[in-house]
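Below is one structure; the comments refer to it alone.
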Amino acid sequence: NTSELAFHGLAKEAQDHLDRQKEAVFQHIAGMSGPVTDEESLAKLRMALSGQVRVEKVIHKDAKIRTFIQEDSSREHLTMHAYDVHYGTIRRDQDCVVAFDDSIVRGNTLKNAILRTIDKMGPTHIVVVSSCPQIRYPDVYGIDMAKLGDLAAFKAAISLLKERNMTHVIEDVYRKCKAELKVPLKGGKIVNHVKRIYEPFTPEEISARIAQDVRPFDCKAHIEIIYQTVEDLHKALPEHQGDWYFSGDYPTVGGAKVCCRAFALWMEGSSQRCYGVNSAISMARFRKPVLVLGSGGREHALATALSKSLDVSCVYCAPGNGGIGAPGASDGDLGTAPLVQKSLEIKAPLFEEVVNFCKQENVHLVVVGPERMLADGLADVLQSHDIPIFGPGKSAAEIESSKVFAKAFMQRHSIPTAEHRSFEGKESLQEALDYIESAPHDVVVKASGLAAGKGVIVPQSREEAKQAVRDFLEKRTMGSAGEQIVLEQRLQGYECSVLALTDGERIAVLPPAQDHKRAFDGDEGPNTGGMGAFAPTPTVDDGLMHRIKQEVLRPAVDGLRAEGRKFVGCLFAGLMITADGPMVIEFNCRFGDPETQAVLPLLDCDLYEVLASCVQGQLSEDAVKVMPNTSSVSVVMASSGYPGSYDSGHVISGLERARCVPGVCVYHAGTTATASSMPTTNGLNGTMPGMNRLTRRNSFREKSQTIVSSGGRVLAVTAVGKGLPEARERAYVAVRSIHFSGSFYRRDIANMSQASEVMGRSASSPATYLSAGVDLSMEQAIST
């Protein structure tokens, strides 16, 4: 091996060096005119006559143990007993010992066996020579060096950075490595940012630190480590250029990406390998369970997106619905984490069951859907127990829970919104009626508090507006939510919804969406929670999005932080795009519904990673990646009578046929699954889900499933496609495949004539088979 060759090479060079010294002595003596009498010359002569290179192998391996690939638990034990010693060769307190090794990778063998063994023989110095350079990076193509934190050179560089107060370098490299992991291998350019860890130091400084790190605490000899240089390695082996584990210059982008992954895993405290195949159980140990709170289509969409993360072991959803965890209910496959419905009491103010469940299951992230939980202070409670939650605290959530506060906040921070007046209590009834009569514009009537989507009235006349005010303030039809009201100018323009993820300082914006609030086609009928949405909306181009960020989102996030209400979560801005620019209709403190169902399928990034970075205060503003040239359309199927009273308990059929349509995912909202279709967890939990990714389909009882309607909005049928026409066509093919008694849906979601009008193009759209009721490419999907 290379150390054996180096050993003999050094011995030969030492002998050649001694021979040259002898030759110089003899030439000196030969030039003298008489006999050698002076002591200095005699000493040189004696050295020349007796001097020899002492070459002895004082230690040898008793067994050929490949210690660098042994598992962690046995490596140290093996190296302690791998060597035999020849005592008496080294002169105690006189000799310096030079030890050769092929490579010093981790330094464990050196520290636990070699140095301890040599030191027992009493040398003054031990010089360890590595015949290969410092191994600084994982070798992703060959030798099993998959954990960056194991490498002695890496540990030395990190120690030096910390000693010299340069930890900002470590944090910056982590952020950049995480960003590189999102870059696609195909056609992407990936930078190995781990190189920056070593840049502040010379190789000699790192070698000296390694010597310090590997020196046993009871070692008496002085330790020095000398590494081969990369330059000399290439000089010795000119035909072999593979030096990536020394230089970090990987010949493929995959190698650089794996190196970035290795650093991210080390930074996050994971002991996962950065490449290679792990067993399902060992992989599962390092994945993290997530809890999604809520029961609607929004929560189903969030749970589905989170389940696609390689960092997630299991997605619990409480209370969930009939589609969460039911076999085939989402677009996940065997590579995704299982969805498990949980029954938890989510009760303010202490939220005891939620806290206990998170601790029991070691939940690494809680994602909240409904605004009521946030307004009741759920985030504050979980944070007090050190449970990570994506969602704002109670004070920040007031931006949604009080429209009176939100309007005053927007005024304080110059955020564009409609003209308005606020009124409180029955005693202000007449004043509010007078304002409606005298206002130079039509008004919208809003209950200030949370009213489950029913607190906004868009009257068609002043009399309707006055009646709504009487209902709220006098008849208290909205209860405490309507004790305060806001009367605001009715804006004209196009509505859009923008969802911004934020860590309280930075923002990352999701694709802009447009929803349909009215119950029936042509924007007729009463307001609902939303009958469908599409994204991205052509209403918002890049220039307008820049304005929205600068005039709406950043002032809101900065303003909340300045007022001591730091907002960590999803800030939803409901906007009206007017002739004067974007105007805020409302702020919400959570993901929108049904916008979330339309937006999340467009993402080309790890949602768990993005949300976790918000919670950790490390959000990158370019963290959100979106599939190019792709649109999404989500159509809500509702129960007859919604948003008023409706029947439930109707069996839903055709779900499997709908999922056969390419690009379609059916998100459940108001559904319940019969007992025979509910998942069984087989005793598995989130911290040790065992083989749950590989046995996902086996975690359900093999019985016929029955899913029935149980709410007003029952399903959100979502499709993606290359542009709105294709996505819309797919969505409606899937909708027509699903049946339950009394169902209805709008047929004009993402109507292309409306979209064309928004973009200033012709309102006419090309004729399609779908418009005539025929879909050739999907015939198989709807006929089987």
When you look at Ile346, is it touching a residue at least 12 places away in the same chain (Cβ under 8 Å) and closer than 30 Å to Ala719 by Cα, yes or no? no
Confirm whether Glu463 is part of a helix (DSSP H, G or I), acidic (Asp, Glu) and over 30 Å from Tyr667 (Cβ atoms). yes
Helices (runs of 4 or more DSSP H) wholly inside segment 313-432 containing at least 3 residues that are open to solvent by 30 Å² or more (accessible area, probe 1.4 Å): 352-361, 378-384, 394-401, 403-412
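Looking at segment 604-623, is at least one residue touching a Cys at 6+ places or on another chain (Cβ under 8 Å) and open to solvent by 20 Å² or more (accessible area, probe 1.4 Å)?
Filtering segment 604-623 for residues touching a Cys at 6+ places or on another chain (Cβ under 8 Å) gives 623.
Narrowing the set further to residues that are open to solvent by 20 Å² or more (accessible area, probe 1.4 Å) leaves none.
The answer is no, given that none of the residues of segment 604-623 is touching a Cys at 6+ places or on another chain (Cβ under 8 Å) and open to solvent by 20 Å² or more (accessible area, probe 1.4 Å).
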Of the candidates Arg287, Arg298, the one satisfying the condition of being closer than 23 Å to Ile324 by Cα, in contact with a Gly (Cβ under 9 Å, 6 or more places away or on another chain), modelled with pLDDT under 90 and open to solvent by less than 40 Å² (accessible area, probe 1.4 Å) is Arg287
Could you pull out the residue among Ala211, Ala264 that is hydrophobic (A, V, I, L, M, F, W, C), open to solvent by less than 40 Å² (accessible area, probe 1.4 Å) and over 37 Å from the mean Cα position of the chain (by Cα)? Ala211
Search segment 547-582 for residues being touching a strand residue (DSSP E or B) at 6+ places or on another chain (Cβ under 8 Å) and among the charged types (D, E, K, R), and hand back the single one that is surrounded by the fewest Cβ atoms within 10 Å (Cβ to Cβ). Arg547
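Kindly establish whether Thr502 is surrounded by 24 or more Cβ atoms within 10 Å (Cβ to Cβ) and either touching an Asp or Glu at 6+ places or on another chain (Cβ under 8 Å) or touching a residue at least 60 places away in the same chain (Cβ under 8 Å) (or both). I'd like the intermediate steps shown before the answer.
On the way: surrounded by 24 or more Cβ atoms within 10 Å (Cβ to Cβ): yes; either touching an Asp or Glu at 6+ places or on another chain (Cβ under 8 Å) or touching a residue at least 60 places away in the same chain (Cβ under 8 Å) (or both): yes.
Yes; evaluated as a whole, the condition is true for this residue.
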Where Asn192 falls short, out of the listed (1) closer than 30 Å to Val98 by Cβ; (2) surrounded by 13 or more Cβ atoms within 10 Å (Cβ to Cβ): (1)
Among the residues of segment 568-583, what is the count of those that are touching a Gly at 6+ places or on another chain (Cβ under 6 Å) and within 23 Å of Phe390 (Cα to Cα)? 3
Exactly one of Lys403, Lys407, Lys446, Lys394 is under 26 Å from Ala348 (Cα atoms) and out of contact with any helix residue (DSSP H, G or I) (no Cβ under 9 Å at 6 or more places or on another chain), and that one is Lys403
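Among the residues that make up segment 131-141, is at least one of them open to solvent by less than 50 Å² (accessible area, probe 1.4 Å), in a loop (DSSP other than H, G, I, E, B), in contact with a Cys (Cβ under 6 Å, 6 or more places away or on another chain) and of a type outside the set (Val, Ile, Thr)?
Just the residues of segment 131-141 that are open to solvent by less than 50 Å² (accessible area, probe 1.4 Å), to begin with: 131-140.
Pick out the ones that are also in a loop (DSSP other than H, G, I, E, B) and you get 131-138, 140.
Narrowing further to those that are in contact with a Cys (Cβ under 6 Å, 6 or more places away or on another chain): 137-138.
With the extra rule that they be of a type outside the set (Val, Ile, Thr), the set shrinks to 137-138.
Yes, some residue in segment 131-141 is open to solvent by less than 50 Å² (accessible area, probe 1.4 Å), in a loop (DSSP other than H, G, I, E, B), in contact with a Cys (Cβ under 6 Å, 6 or more places away or on another chain) and of a type outside the set (Val, Ile, Thr).
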Of all residues in segment 516-538, which are open to solvent by 20 Å² or more (accessible area, probe 1.4 Å) and either acidic (Asp, Glu) or touching a Phe, Trp or Tyr at 6+ places or on another chain (Cβ under 8 Å) (or both)? Asp521, Asp523, Glu524
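Rundown of residues vs (1) in contact (Cβ under 8 Å) with a residue 60 or more places away in the chain; (2) farther than 24 Å from Glu268 by Cβ, yes/no style:
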position	(1), (2)
Leu148	yes, no
Ile158	no, no
Asn192	yes, no
Arg196	no, no
Glu204	no, yes
Ile223	yes, yes
Gly255	yes, no
Kindly provide the set of residues from segment 1-43 that are touching a residue at least 24 places away in the same chain (Cβ under 8 Å) and open to solvent by less than 70 Å² (accessible area, probe 1.4 Å), ordered by number. Ser3, Ala6, Phe7, Ala11, Ala14, Gln15, Leu18, Lys22
Find all pairs meeting these conditions: Cβ atoms under 6 angstrom apart; at least six residues apart or on different chains; first residue within segment 461-486 and surrounded by 13 or more Cβ atoms within 10 Å (Cβ to Cβ); second residue among the acidic types (Asp, Glu) and not in a helix (DSSP H, G or I). Gln484/Glu424
Please specify each residue of segment 179-209 satisfying the condition of being part of a helix (DSSP H, G or I) and within 30 Å of Asp232 (Cβ to Cβ). His193, Val194, Lys195, Arg196, Ile197, Pro203, Glu204, Glu205, Ile206, Ser207, Ala208, Arg209
Is it true that some residue in segment 650-664 is within 28 Å of Ser401 (Cα to Cα) and surrounded by fewer than 24 Cβ atoms within 10 Å (Cβ to Cβ)? no
Got at least one residue in segment 131-144 being modelled with pLDDT under 90 and under 22 Å from Glu56 (Cβ atoms)? yes
Just one of (1) open to solvent by less than 30 Å² (accessible area, probe 1.4 Å); (2) within 28 Å of the chain's Cα centre (by Cα) trips up Asp541, so point out which. (1)
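The values are calculated or read from the model by the stated rules, or taken from the named source; none is laboratory data. Nothing here was measured: the structure is a model prediction, and the numbers come from that model. We place every Cβ from the backbone using ideal geometry, glycine too, and count neighbours over all the protein chains shown. Heads up: the accessible areas ignore ligands, DNA and RNA and are worked out on the full protein's heavy atoms, side chains in. Shrake-Rupley method; radii C 1.70, N 1.55, O 1.52, S 1.80 Å.
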